[in-house]
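Below: one structure, written as structure tokens.
Bear in mind that the values in this text are calculations on the coordinates, not laboratory data. As the structure is a prediction and not an experimental result, all values here were calculated from the model. With ideal geometry, Cβ positions are generated from the backbone for all residues, glycine too; neighbour counts draw on all protein chains shown.
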């Protein structure tokens, strides 16, 4: 199986590149800012499925540049999904918990009503709708709080700040499932493979790490595992305003993903340990 991966430098794309049978296409060869050109190129690339791991992920910046975010997160995936459908190729789209308003305390189910609280969420929801409307075999995989040894993410920021400061104030009323990018990559590969023989399994699915925690709890675990002596003070979201509104409830019900694809929620603590080991190995080179 040769799977075409849209994206090369992002967190999930880098993890996908390490899996067998993946052909990652970066901006130098397939620039999603020109979706039609990418769709035309897809027709000349032999592959058995497509995974879109490219996206606009600067949540706060999307508030002032929503048109650009919409191009990458909605228009481009829609065009590529239609091209994949014409070729009979399954299309896996990575999405986000930010399509929900974050109300309540129960995990969001795939069929729950959506109401994005920010521009980023709106563009990702539009991408979901475009992919689902393309007419081909597809899976939209919503995930949350992605982290890895590469790129900009919460654990890497905590590692840097924790070594610089004695105390940090961290939001404690936002709760979700941190998800290691390597686990997301393996899940996408498994889903793409299954859709080739079972296109009827198309739909929206959730996949996030377990157990659910707050950002403050996540930070404490990062510091404990990295042996960093930095105190964490819990604060409410209202004490840490950001341009983009963040949902308080990012919990995701992943039971359908387990039932249809046999994929359990991954242990984010194991993913964190892997990430820290990868960072240590890179720093020792």
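Computed quantities for the displayed model
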read-out	value
Computed [θ] at 222 nm, helices only, for the chain once each DSSP H run of length n ≥ 4 contributes -39500 (n - 2.57)	-11500 deg cm²/dmol
Relative contact order (percent, whole number), the range 1-61, Cα cutoff 8 Å, 6+ residue spacing	46
Given (1) 143; (2) 208; (3) 125, the label whose value is volume of the Cα convex hull per residue in Å³ derived from this model	(3)
Contact order relative to length of the chain, as percent, for alpha carbon pairs under 8 angstrom and 6 or more apart	21
Equivalent ellipsoid dimensions for the range 140-285 as semi-axes, Å, which come from the Cα gyration tensor, largest first	30, 19, 11
Nearest 10 degrees, 0 to 90: helix 119-132 Cα axis against the chain principal axis	30
Whole-number D in µm² s⁻¹ for the range 1-107, Kirkwood Cα-pair radius fed into Stokes-Einstein, 20 °C, 1.002 mPa s	147
Relative contact order (%) - criterion: Cα under 8 Å, at least six apart; region: the range 27-160	28
Highest average packing first - 233-243, 122-132, Cβ atoms within 10 Å	122-132, 233-243
nm² value of the averaged projected area, convex hull over the Cα atoms of the range 53-119	5.4
Antiparallel content of DSSP bridges confined to the range 127-246, in %, to 5	15
Helix axis angle, 215-226 relative to the chain longest principal axis, alpha carbon, degrees	80
Acute angle (nearest 10 degrees) that the helix 154-164 long axis makes with the longest principal axis of the chain, alpha-carbon atoms	30
Spin-label model distance (nm) - residue 260 vs residue 115, 7 Å beyond Cα toward Cβ	2.5
C-alpha center-to-center spacing [the range 147-166, the range 46-68] in angstrom	23
Alpha-carbon Rg/Rh ratio, for the range 130-185, with Rh computed the Kirkwood way	1.15
